[in-house]
Amino acid sequence: MVAHLTELRNRLIYCTLFFLFFFILSYFFIDKIFAFFTEPLADTFADNENKRLIFTGLTEVFISYLRLSLLVSIILSLPFTIYQVWIFVAPGLLKKEKNIILPFLFLIPIMFLFGFFVVYYLVIPIAWEFFVGFNTEISGQDLKIDLEPKVNEYLSLVLKLIFAFGVAFQLPVAILLFTILGLISSEALKKNRRYIVVIVFLIAAIITPPDIFSQIGLAIPILFLYELSIFVSKFIEKKKK
């Protein structure tokens, strides 16, 4: 018992040190990281002479940089953390259990990154074009409506979208795991398809900005992955038989 607790402590120390290393490294390169996250907005503002991000609090930019460094360090240290968890847990598992769990340890971060690429390269550019389109002049008046996004609000929105897509793209991973464990079947997935469509669009409307592009951009890939999960579930069921 003492040996297991000692090993657990050591694994936690390794994970913490690895996380701190990436956190410091991320903050050291925070300018380049921040530029990467603001690039979609800069591209959208390409024809705008007054393009800029503003901050109204003394600590706003500093706190925003810390939050961004925290996110990047979590993503970068996630594979190492999963590896440490696996080393600690694997000796107590049967060979069959190892064969079931091991692929999912790779699928989870891969699907999270897949969700990140979808939201960064597909959804965010379309959503930003929609929001920036509200820059206009009031008819009959010498007044303009100009967008001047704040640093913390912009990063909060981007990080919220990334987290939402990263978590939502874990749906096929969960479905595959439940199928392997016999907790769900491909027939049940097909039977409840219409309910899933409604639930997915409701969740997309809640966790994304209030524009139709972001909501559809989240819902459509999830529904596609759901259909793909049904196909893979059929294959797994046939293999088990």
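The values are calculated or read from the model by the stated rules, or taken from the named source; none is laboratory data. None of the values given here were measured: they were computed from a predicted structure. All Cβ positions, glycine included, derive from the backbone under ideal geometry; neighbour counts span all protein chains shown.
For residue 190, are the conditions met, namely being modelled with pLDDT under 80 and touching a strand residue (DSSP E or B) at 6+ places or on another chain (Cβ under 6 Å)?
Considered against the rule, which asks whether it is modelled with pLDDT under 80 and touching a strand residue (DSSP E or B) at 6+ places or on another chain (Cβ under 6 Å), residue 190 comes out as no.
Quick one: residue 51 ticks every box in (1) part of a helix (DSSP H, G or I); (2) surrounded by 11 or more Cβ atoms within 10 Å (Cβ to Cβ) except a single one, so which number is it?
Result: residue 51 passes all but (1).
For region 66-82, state whether one or more residues are touching a helix residue (DSSP H, G or I) at 6+ places or on another chain (Cβ under 7 Å), surrounded by 13 or more Cβ atoms within 10 Å (Cβ to Cβ) and over 28 Å from residue 31 (Cβ atoms).
yes
Between 106, 134, 117, 130, which is surrounded by fewer than 16 Cβ atoms within 10 Å (Cβ to Cβ) and not in a helix (DSSP H, G or I)?
Of 106, 134, 117, 130, the one residue that is surrounded by fewer than 16 Cβ atoms within 10 Å (Cβ to Cβ) and not in a helix (DSSP H, G or I) is 134.
Could you tell me whether any residue of region 98-111 is charged (D, E, K, R) and over 19 Å from residue 161 (Cβ atoms)?
There is at least one residue in region 98-111 that is charged (D, E, K, R) and over 19 Å from residue 161 (Cβ atoms).
Considering 80, 117, 163, which residue is modelled with pLDDT of 85 or more and under 22 Å from residue 34 (Cα atoms)?
117
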